[in-house]
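Notes follow once the structure below has been shown.
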Amino acid sequence: MRTATRLLLAMLLWAGLAAAAHAKPTSAAPPAPEVETAIADVLNSQERLPLPLERIRPALIAHYIRDQAPVYWVGTGRMTPFLQRLADAGDDGLNPADYPIDALIELRDTIDPADADSAALAELFFTAFYVNYATDLKIGRLTPQKVDPKNFRNRKTVDVLAIMTGLSKQNGPGEFLDVFESHNPQYQALKKMLSLYRAMTESVEWDQIAMGGDIKPGDSDARIPEIRDRLMLTGDHPGGGDQGDVYDSSTVLAVRSFQLRNGLEAKGLIGKQTVLALNVPPADRARQIMLNMERWRWMPEDLGDHHFIVNLASFELDEVLSDDIIDRMDVVVGAVATQTPEFSQGMQYVEINPTWTVPYSIATGEMLPKLQRNPSAYAAEFEVFMNGKLTSWGGINWNAYGKGNFPFTFRQKPGPKNALGKVKFMLPNPYNIYLHDTPAKDKFLATTRAFSHGCIRLSRPMDLAYHLVGDVAGWSKPKIDAAFAGGQTTRVSLPQQIPVHLIYATAFEGDGGSIEFRPDIYGRDRKLDAALSGKPSS
């Protein structure tokens with residue numbers, strides 16, 4: 001068969017119009033040398049190949065022609081196990097519909113022992129989609145910033161030729177795919193939980209619990225038996241005990257457990273939000289887990305032996321050393337209108353008694369209107385700079401300026417009212433995001449802590465300051481105390497950068513191996529779900 005005819009048939013097959021669609025399946029294959037020659041003919045042709053092959057053509061040429069790799073798929077019995085892995089893609093947090101399983105089956109079943117060309121095409125297409133699947137496992141299916149402009153992770157890359165070379169050394173294609181999965185403990189925990197929720201989707205009836213008035217401990221309510229049964233399914237209630245309509249103590253404990261795992265106020269009161277969370281079906285939870293597995297594929301493979309993770313969705317910061325969480329504290333993150341972005345950056349220094357340079361948006365949107373009413377409103381706490389030069393507050397006609405005409409910069413002096421409190425932790429980045437203390441301690445009492453202009457406020461900043469400046473940078477406690485007491489801005493460089501990773505994880509492994517879920521306060525799950533489904537998202 002001439003090359004042009006062969007390629008035309010390949011394109012028709014990929015469009016689902018192949019003339020051989022009803023050919024009798026066969027497991028026989030042409031001799032390997034003939035298949036290898038046919039592969040070389042296809043790859044050396046001057047015509048454009050079908051897209052799945054064309055986009056990795058240089059790697060295919062290097063693998064099959066330059067490196068003379070032997071035939072891996074045709075006649076070896078490896079096609080069927082790989083097809084099964086594609087069919088089971090949901091177990092990997094991927095979507096079987098993303099892969100042309102039927103077309104690959106057609107290629108497998110229409111190999112003609114007398115036609116090396118059909119075998120060559122099957123070999124190349126199976127290799128191409130093996131690379132595709134391995135890539136999806138390793139770096140994810142989407143470019144992060146195309147999904148959400150607040151996600152500043154660059155799409156990772158893969159060495160396509162290395163995948164082919166590594167595959168050629170494996171007896172089984174399925175086992176080799178496991179190499180490409182993230183080995184981060186959170187990813188692996190999510191994968192295990194995904195299998196449980198997928199199984200629950202298929203085996204459990206999930207009727208909606210009726211809405212109604214609040215239920216307090218000790219109350220009687222006809223919904224309690226149904227709620228108790230639901231809590232057994234979610235793993236929060238051990239079973240047994242009172243089976244009546246009374247909201248008994250064991251069920252209260254189970255409700256609190258469920259509320260904690262779902263980011264709700266954990267006082268044991270069964271209100272609207274708790275019932276809504278109980279009603280979320282397993283299929284939706286499985287989908288939420290899959291979305292978060294995709295996020296972990298975007299993350300750096302090496303987070304650093306010593307690093308910080310800030311989960312924006314759970315309002316928590318974890319300090320991790322050798323895979324162990326050595327500290328955890330509550331944080332306040334950006335409000336919905338001023339969302340904290342996702343990125344990774346190294347923490348370089350700690351600033352004691354920091355000044356605060358007011359962002360332009362706050363200066364013009366919040367401070368300028370007050371200055372127009374009272375020109376000395378900020379004179380006691382802030383310095384004012386005009387075109388970069390320190391100037392006096394007196395004599396400025398604030399009514400003459402606006403957002404399009406504002407040559408001023410405000411800098412707040414160190415002190416008890418400073419917006420950054422007593423200390424800030426700097427991870428220089430283009431987004432002007434850092435970790436810091438705050439005088440607004442009351443915000444940490446809230447369950448949903450999205451209040452800031454984007455930076456991350458820490459609930460125990462002094463603990464972290466003494467740890468980093470003392471244990472890491474080597475300062476003595478008296479020296480640290482003296483720096484704070486002196487009131488002057490002091491920068492303490494860390495011996496080496498400590499990676500800080502900001503992630504929006506709405507499903508994650510909690511203490512004791514439980515699965516925790518959080519509301520999608522920023523709408524990023526919705527955007528990711530739409531992108532994976534190929535739907536537009538606002």
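The values are calculated or read from the model by the stated rules, or taken from the named source; none is laboratory data. The model shown is predicted, which means the values in this text are computed figures rather than measured ones. Using ideal geometry, Cβ is built from the backbone for each residue, glycine included, and neighbour counts are taken over all protein chains shown. Each accessible area value is taken on the protein alone, full model and side chains, heavy atoms only, with ligands, DNA and RNA left out. Shrake-Rupley method; radii C 1.70, N 1.55, O 1.52, S 1.80 Å.
Candidates are the residues of the stretch 110-121 that are open to solvent by less than 30 Å² (accessible area, probe 1.4 Å) and not in a loop (DSSP other than H, G, I, E, B); the one that is farthest from LEU291 (Cα to Cα) is ALA116. Evaluated against (1) on the phi < 0 side of the Ramachandran plot; (2) surrounded by 17 or more Cβ atoms within 10 Å (Cβ to Cβ), GLY140 falls short on exactly one condition, (1). Of the residues making up the stretch 198-223, those that are open to solvent by less than 70 Å² (accessible area, probe 1.4 Å), touching an Asp or Glu at 6+ places or on another chain (Cβ under 8 Å) and of a type in the set (Asp, Glu) number 1.
Yes or no, residue by residue, for (1) without any contact (Cβ under 8 Å) to a residue 40 or more places away in the chain; (2) among the aliphatic types (A, V, I, L, M):
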position: MET367; (1), (2): no, yes
position: GLU381; (1), (2): yes, no
position: MET386; (1), (2): yes, yes
position: GLY394; (1), (2): yes, no
position: ARG411; (1), (2): no, no
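Scan the stretch 235-262 residue by residue and report those that are surrounded by fewer than 20 Cβ atoms within 10 Å (Cβ to Cβ) and assigned to a loop (DSSP other than H, G, I, E, B). First the steps, then the outcome.
Our first condition is that a residue be surrounded by fewer than 20 Cβ atoms within 10 Å (Cβ to Cβ); within the stretch 235-262, this holds for 235, 238-246, 248-250, 252-253, 256-257, 260.
Result: GLY235, PRO238, GLY239, GLY240, GLY241, ASP242, GLN243, GLY244, ASP245, ASP248.
Restricting ALA377, ALA313 to residues that are more than 30 Å from PRO495 (Cβ to Cβ), surrounded by 14 or more Cβ atoms within 10 Å (Cβ to Cβ) and in contact with a Leu (Cβ under 6 Å, 6 or more places away or on another chain) narrows the list to ALA377. Take the conditions (1) more than 29 Å from HIS501 (Cα to Cα); (2) not in a helix (DSSP H, G or I); THR165 misses just one of them, which is (2). If you go through the stretch 391-416 and pick out every residue that is closer than 14 Å to GLU366 by Cα, assigned to a strand (DSSP E or B) and open to solvent by 60 Å² or more (accessible area, probe 1.4 Å), you end up with 0.
For every residue, the table says whether it meets (1) in contact with a strand residue (DSSP E or B) (Cβ under 7 Å, 6 or more places away or on another chain); (2) of a type in the set (S, T, N, Q); (3) crowded, with 17+ Cβ neighbours inside 10 Å.
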{"site": "GLN186", "(1), (2), (3)": "yes, yes, yes"}
{"site": "PRO225", "(1), (2), (3)": "no, no, no"}
{"site": "ARG228", "(1), (2), (3)": "no, no, yes"}
{"site": "LEU264", "(1), (2), (3)": "no, no, yes"}
{"site": "LEU269", "(1), (2), (3)": "no, no, yes"}
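Counting only residues that are in contact with a strand residue (DSSP E or B) (Cβ under 8 Å, 6 or more places away or on another chain) and of a type in the set (S, T, N, Q), the stretch 476-514 holds 5 of them. Whenever a residue of the stretch 59-87 is touching a residue at least 24 places away in the same chain (Cβ under 8 Å) and farther than 14 Å from VAL131 by Cβ, its partners that are open to solvent by less than 20 Å² (accessible area, probe 1.4 Å) and among the acidic types (Asp, Glu), lying with C-beta atoms within less than 6 angstrom and at least six residues away or across chains, give the pairs VAL71/GLU123; VAL74/GLU123.
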